[in-house]
Ligand code: SF4
Ligand code: F3S
């Protein structure tokens, strides 16, 4: 599966959802997740993210391992998203900021 990692939090550009052939992105208040049982590993979304927040499970940085479980958990409760929407106004300021997990809204 592919996994949405920490840098999506508060950036949430949503370019990723437009290319997913199986529509397996789910949307929370300031973060998106991929449903691991629905993702077909096509890799199309990975280069679409302007802040490089998407990883294949095999390439997920070791300090982001919690995001594997987090994607699986939140994909079960958040609504599906298939159309791009405007990113938060301050998205660019949050690109690359460390320790964003504490800001994750559910
Ligand atoms: Fe969708 Fe393909 Fe990305 Fe999986 S790898 S989330 S199927 S675009
Ligand atoms: Fe997040 Fe990147 Fe998609 S910021 S919403 S994973 S395009």
Search the stretch 14-41 for residues that are within 18 Å of residue 95 (Cβ to Cβ) and pair each with any residue that is part of a strand (DSSP E or B) and more than 10 Å from ligand 2 (Cβ to nearest atom) when their beta-carbon atoms are under 7 Å apart and the residues are at least 6 apart or on different chains. 32/26
Which residues, counting only those in the stretch 8-19, are within 16 Å of residue 106 (Cα to Cα) and near ligand 2 (Cβ under 7 Å from one of its atoms)? 8, 11, 12
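Here, each number is a calculation from the coordinates, and none is a lab measurement. Note that this is a predicted model, so its numbers are computed, not measured. Virtual Cβ from ideal backbone geometry, glycine too; neighbours counted across all protein chains shown.
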